[in-house]
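Quick notes on the structure that follows.
The values are calculated or read from the model by the stated rules, or taken from the named source; none is laboratory data. Source: prediction; values computed, not measured. Cβ placement follows ideal geometry from the backbone for every residue including glycine, while neighbour counts extend to all protein chains displayed. In case anyone asks, the SASA skips ligands and DNA or RNA and just uses the protein heavy atoms, side chains included. Shrake-Rupley method; radii C 1.70, N 1.55, O 1.52, S 1.80 Å.
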Amino acid sequence: MNYKKNILITGGAGFIGSHVVRLFVNNYPEYRIINLDKLTYAGNLNNLRDVENQPNYTFVKEDICNLERMVELFDEYNVDGVIHLAAESHVDRSITDPFTFAQTNVMGTLSLLQAAKEKWAGNFEGKLFYHVSTDEVYGALGFDETLFTEETRYDPHSPYSASKAASDHFVRSYHDTYGLPIVISNCSNNYGPFQFPEKLIPLFIHNIRNNKPLPVYGKGENVRDWLYVEDHARAIDLIFHQGKLGDTYNIGGFNEWKNIDLIKVIIKTVDKQLGNPEGTSDHLITYVTDRAGHDLRYAIDATKIKNELGWEPSLQFEEGIEKTVKWYLDNEDWLNSVTSGDYQRYYKIIYGSN
Ligand code: NAD
Ligand code: DAU
């Protein structure tokens, strides 16, 4: 079949990537979607069982750092669009293993950029390199400071956010130096199905279900802005199709929560759905040593994408968290399958137990 576009989505077996792949495979049968993923501990092909047999879907297991293979793949699949999500994504891991973050997030992004530049050289018409990034590149806000806009100066603090900031700079440099058609988005904290249970929301749902402690970093006062993952995928779709070349778009939920307040909502929702009396799992809250360099607050001003592309979050947080808790409780097999092997070893190193 002659596809209208051949889109390489990197990191498609991960949390957000799997939602983006699903959306593009289902909504655009005229596009061929090539999901490129190394399948690290965070990548899981079970996230895509419902689309894996669709004719316009192909999976390639590869490391984005392998420049030679990236160049070959551009040829093999006649790639004309890239949506780049592959990354090491967990801040705590970046604190114990910064080199892996520099390798994948910086060098991996660079090899994709180089492959796109080489293969698209002289004919950038109809091509796009879309880089998916994070609000963490902007650093931390005080409680009274205004939100992150697209003009906020980069000020990353963790090895993770430093590596994402570096990758954003490389993407812009390929636009400014070689004219590569790029677009970047910086999104706030996502939540929803298929998120690896090392991140706050799935970890805490899993632990409440198993009557395990809930490790709250510091005093639980840090603030995050939460967005349902399918709303992020919808924003990526809009930016991919209508975003202005060379531009940045901030994506956020206008939905700030102090960690401890969010944790109380999670506990209440899980207890309710398990049929436990309210308050049953409150005793699991355990204050632990704070994350090193823990950013106080992230909050996105998503006015630009609203005004230019008409995007807004579709889901109220209460509905999103009910749906999310239900999904994790209904999908215990998925949770058990991903919380084994490497993950157990890592968890023991970090917390001293499982
Ligand atoms: P994730 O950790 O769930 O998934 C990352 C995926 O990338 C995995 O499937 C993994 O196997 C793959 N991968 C890792 N290294 C690779 C390599 N060297 N080569 C090929 N594939 C590799 O991450 P996520 O939470 O879905 O985040 C996806 C992207 O979105 C990341 O770039 C992240 O920085 C960004 N982001 C995440 C959030 C969030 O809240 N999770 C918010 C804003 C932006
Ligand atoms: O803001 C976007 C970013 O959101 C993404 O770029 C990252 O990939 C993603 O991991 C996420 O980063 P955070 O560090 O904010 O997410 P995490 O789920 O790890 O933590 C959320 C908050 O909860 C944070 O303030 C740390 C705190 N926390 C986290 C864990 C895992 C705890 O108190 N206890 C925990 O066990």
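Worth pointing out:
- Spatially proximal aspartates and glutamates relative to LYS4 (Cα-Cα < 19 Å; intrachain offsets below 8 disregarded): GLU30, ASP75, GLU76, ASP80, GLU125, ASP237
- Debye intensity ratio in log₁₀ form over the Cα atoms of the chain, taken at each q of 0.08 Å⁻¹: -0.37
- Segments 273-283, 212-222, 46-56 sorted - mean Cβ within 10 Å per residue, highest first: 212-222, 46-56, 273-283
- Partner lysines whose Cα lies under 26 Å from the Cα of LYS212, excluding those fewer than 8 positions away in the same chain, are identified as LYS199, LYS258, LYS264, LYS268, LYS272, LYS323, LYS326, LYS348.
- Counting only protein heavy atoms and a probe of 1.4 Å, the accessible surface of the chain is 48% carbon and sulfur.
- Helical mean residue ellipticity (222 nm; -39500 (n - 2.57) per DSSP H run of 4+; nearest 500) of the chain: -12000 deg cm²/dmol
- Cross-link partners of LYS5 among lysines, defined as those whose alpha carbon lies under 22 angstrom from its own and excluding same-chain residues fewer than eight positions apart: LYS61, LYS117, LYS119, LYS127, LYS244.
- Paramagnetic reach from PHE124 in the stretch 225-256 [backbone N under 16 Å; point 7 Å along Cα→Cβ]: 243-248
- Kyte-Doolittle mean at least -1.0, axial Cα span of 15 Å or more - DSSP H helices of the chain: 15-27, 109-120, 159-178, 229-242, 259-274, 317-330
- For THR303, the accessible surface of its heavy atoms amounts to roughly 60 Å² (probe 1.4 Å, protein chains only, rounded to the nearest 10).
- In this structure the stretch 159-232 gives 28 Å² per residue of accessible area when probed at 1.4 Å with all protein chains present.
- Highest average first, the peptides 28-39, 237-248, 259-270 ordered by how many other beta carbon atoms sit within 10 Å of their residues are 28-39, 259-270, 237-248.
- The stretch 1-108: C-alpha gyration tensor shape, a/c 1.5 cut-off, then a/b vs b/c: oblate
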